[in-house]
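Single-structure report; data block below.
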Amino acid sequence: SAYGAQVAAAEAEAARHRRTTLVLDTISGSAAARLYERAGWEKVGDIPAYALMPDGEMAPTTFYTKRLA
């Protein structure tokens, strides 16, 4: 996907700048969460009721990390 290519490009740019560990969060169970898991990101934990959704509801967030080679 185009978004997957953007994730790979961001990882490559981080590696170019000699970063070794990346961290991100996204809505738990979302398409983005599945994309990060397929891209090799490791789930490190969930925080319930962390993200404010457009409808005013609170949603859980999952944090991920990825070590760069």
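Each value in this text was obtained by applying a stated rule to the coordinates, not by laboratory testing. This structure is a prediction, so every number in the text was calculated from the model and none was measured. Neighbour counts run over all protein chains shown; Cβ positions are idealised from the backbone, glycine included.
For log10 I(q)/I(0) by the Debye sum over Cα atoms at q = 0.11, 0.25 Å⁻¹, several values are listed as [x] -0.29, -1.09; [y] -0.32, -1.06; [z] -0.25, -1.28; flag the one computed from this structure. Matching the structure shown: [x]. Entry note, the chain: relative contact order of 38 percent, from Cα contacts under 8 Å with a spacing of 6+ residues.
Where in region 39-53 is the amide nitrogen less than 14 Å from a point lying 7 Å along the Cα-to-Cβ axis of T21? Within reach of a label on T21, which here means backbone N under 14 Å from a point 7 Å along Cα→Cβ, region 39-53 contributes 42-45. Label zone of R34 (point 7 Å out along Cα→Cβ, amide N under 19 Å): in region 1-25 this covers 1-8, 25. A DSSP coil position with no more than 10 other Cβ atoms inside 10 Å describes the following trypsin sites (Lys or Arg not before Pro) in the chain: R18. Dividing the helix sum by the residues of the chain, where each DSSP H run of 4 or more adds -39500 (n - 2.57), gives a mean residue ellipticity at 222 nm of -10000 deg cm²/dmol.
Close amide-amide hydrogen proximity is noted between T61 and S28, I47, A49, Y50, A51, each under 5 Å apart and 5 or more residues distant or on a separate chain (H modeled in the peptide plane; Pro and chain starts excluded). In order along region 42-59, the phi-based Karplus estimate (6.51 cos²θ - 1.76 cosθ + 1.60, θ = phi - 60°) of 3J(HN,Hα) comes to 9, 5, 10, x, 10, 10, x, 6, 9, 9, 7, 7, x, 7, x, 7, 9, 10 Hz; Gly and Pro are listed as x.
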